[in-house]
Amino acid sequence: MNDTPDRSTTWAEALRRPWTALCAAAAVVLGPAAHTAAALMQANAAPLRHAPGPPHRRL
């Protein structure tokens, strides 16, 4: 006899577990958020660049 479960049955059982669904939802939500946070931290670490303004006029 074969004691190993069928792969499709194992996946079906795993998808029914609440923790699997919770972890999948957290990965979907937190993955892009972490990427955005890393990009913002990198942008904030960059030196400020002052854009040239209009020339000053003397009256």
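The values are calculated or read from the model by the stated rules, or taken from the named source; none is laboratory data. Predicted, not measured: the structure shown is a model, and the values here were computed from it. Virtual Cβ from ideal backbone geometry, glycine too; neighbours counted across all protein chains shown.
With the condition kept exactly as written, say whether any residue in region 3-15 is modelled with pLDDT of 80 or more and either surrounded by 10 or more Cβ atoms within 10 Å (Cβ to Cβ) or not in a loop (DSSP other than H, G, I, E, B) (or both).
Of region 3-15, the ones modelled with pLDDT of 80 or more are none.
Scanning region 3-15 turns up no residue that is modelled with pLDDT of 80 or more and either surrounded by 10 or more Cβ atoms within 10 Å (Cβ to Cβ) or not in a loop (DSSP other than H, G, I, E, B) (or both).
Taking only region 17-56 into account, find how many residues are part of a loop (DSSP other than H, G, I, E, B) and of a type outside the set (G, A, S). Don't jump to the end; show me each part of the working.
Within region 17-56, the subset part of a loop (DSSP other than H, G, I, E, B) is 17, 46-56.
Next, only the ones that are of a type outside the set (G, A, S) stay: 17, 47-50, 52, 54-56.
Residues flagged as part of a loop (DSSP other than H, G, I, E, B) and of a type outside the set (G, A, S) within region 17-56 amount to 9.
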